[in-house]
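Asker: The structure is given below, and queries will be raised subsequently.
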Amino acid sequence: MSTGRNRLFSGVLIAVTSMAIGLVLAARLDLTSGSSAQTFNTSTLPPMNSAPIEGQLTATTFRDIAAAQSPTVVNIRTEARRRGRDLSELFGGDGGDELFRRFFGDPPEGDREPRDETTEAAGTGFVIDEAGYIVTNNHVVEDATKIEVTFLDDDTTYEAQVVGQDRLTDSALLQLLERPEGPLAVATFGDSSQMQAGDWVMAIGNPFGLGHTVTVGVVSAVGRPFEQIRGRAQNVIQTDAAINPGNSGGPLLNLRGEVIGINTAIVSDRPSNLGIGYAMPINTVRELLPQLRTGKVTRGVIGVSIIPVTDDDYEELGLDEARGAIISRIEPGLPADDSDLEPGDVIVSYDGEPVRNIEDLQGKVTATPPGTVVDLGVFRGGAPASIEITIGELDLDNQGRQARREEVEDLNSGFGMNLEDLTAENARELRLGAGVSGAVVSGVDNGGAAQRGGVVPGDVITAVNQQEVGSAAEAVRELNRIESGRTAFLLIQRRDGQVFLRVRKE
């Protein structure tokens, strides 16, 4: 994980290994090489090896993989400039100025304004092209003003720049502005769709800034939904190969030493590994490389909020099984608003292809180029219908800002606090350990219920009345269920540990 990164959150991609090592692995594992050195191309996808993985482990299998692939892996150090907070914000913002002065007095004239702060972080990446292109996690380089990379057995730092970024898959493409002498070792792509629970994998990364480190484990599960952006899950590979802060952006390798994932996140209640790590499948990122090379990833959107069809309600909706996705809201100003879709419609097919569930529909829509006209098969009032819609362009930044505004509006006034989603950026600012998820308290009312209960800005609510919450929307939902005069028991994560608070709703 990138140092200071939360959630977990954090995986990746491509290229080629030397012929000599390929022959060693083929001899030991009876594996044949499926790819050779390639030139980065903006219009075609890099090659990947989809041949079955066969053969047996030997005493030196993992040693050989580490020796061959570690030269393709780079350590990444970033600097970012962020606006520092006025100290009075920690005491409730405007309402906390008097409390701040009571404890510390009036600050010197020059210290009243917040100052820019330089923050540092560390992560990992890997070379995918001899021209100096490197793949890493978006959260490793997001908002970075300076990016430096180092190679194995080379203490020299080389400057790099961001070419393209994608928040949804947490991936980024870098290019070296300076480079070592001689040819670069380049990674190769495997086929992540081949991976199954129980398959051996190796992770290489820069945990806690220690430098090149190898860990080995197995694929624990495939197709795990992971929300990098609220409401938009990506299926990831789960592994028990140790992944820690600083491993973010490093490769997850198969037994041929090919990249099958980008290490992205860990699930933990502390800033260390507990055997649950997530890697973004390399096939997912590989398909985005041509767009990342242009600097922009474009996705489709129809503009609806959707909820799942369950075993309890599919018959009432006129379906023969639990499938599809129910429209709960039409977003104003987006394509669905100009179509015949209505709240309550169940989308069961997309351009003739069945829609299995929410994730399936989201994947189909985002993969469709904006401007495309598609046919949606829906059930309305128990009867099938067909509706045409023109796909729009997804704006993840505006979507996130709108979601945060709605969450603040949805929270009843009985607690006197404002919430927002915990993002990679504010997790770094709050210096939280990796693996924390929940809702960040962005402000508390002076003298309100939250402040009286001990809640302070920067607290992360991870559970309400023993119900875990992973976002501001989930926290709002649980808090709004509590009647006035009743108590909310909050599990809070702070930088120095967990706190259990009791807040009585007004």
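The values are calculated or read from the model by the stated rules, or taken from the named source; none is laboratory data. All values reported here derive from a predicted model rather than from experimental measurement. Glycine also receives a Cβ, built like all others from the backbone with ideal geometry; neighbour counts cover every protein chain displayed. Just so you know, the surface numbers come from the protein's heavy atoms only, side chains and all, with ligands and any DNA or RNA stripped out. Shrake-Rupley method; radii C 1.70, N 1.55, O 1.52, S 1.80 Å.
Asker: Report yes if some residue within the stretch 225-233 is touching a helix residue (DSSP H, G or I) at 6+ places or on another chain (Cβ under 7 Å) and surrounded by 24 or more Cβ atoms within 10 Å (Cβ to Cβ); otherwise report no.
Answerer: For the stretch 225-233, residues touching a helix residue (DSSP H, G or I) at 6+ places or on another chain (Cβ under 7 Å) and surrounded by 24 or more Cβ atoms within 10 Å (Cβ to Cβ): absent.
Asker: Let me ask another. Among the residues of the stretch 125-155 satisfying the criterion of being over 19 Å from Gly205 (Cα atoms) and among the small types (Gly, Ala, Ser), which is surrounded by the fewest Cβ atoms within 10 Å (Cβ to Cβ)?
Answerer: Ala131
Asker: Looking at (1) farther than 25 Å from Glu227 by Cβ; (2) open to solvent by less than 40 Å² (accessible area, probe 1.4 Å); (3) out of contact with any Leu (no Cβ under 8 Å at 6 or more places or on another chain); (4) not in a helix (DSSP H, G or I), which is the one condition that is false for Glu483?
Answerer: (2)
Asker: Filter the stretch 309-351 for residues that are acidic (Asp, Glu), over 29 Å from Asp395 (Cβ atoms) and surrounded by 13 or more Cβ atoms within 10 Å (Cβ to Cβ) and give the result.
Answerer: Correct list: Asp313 only.
Asker: Looking at Arg270, Arg286, which one is at pLDDT below 90 and surrounded by fewer than 24 Cβ atoms within 10 Å (Cβ to Cβ)?
Answerer: Arg270
Matching residues to (1) farther than 30 Å from Val259 by Cα; (2) modelled with pLDDT of 55 or more:
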{"position": "Ala66", "(1), (2)": "no, yes"}
{"position": "Ile76", "(1), (2)": "no, yes"}
{"position": "Arg85", "(1), (2)": "yes, no"}
{"position": "Gly110", "(1), (2)": "yes, no"}
{"position": "Asp116", "(1), (2)": "yes, yes"}
{"position": "Phe126", "(1), (2)": "no, yes"}
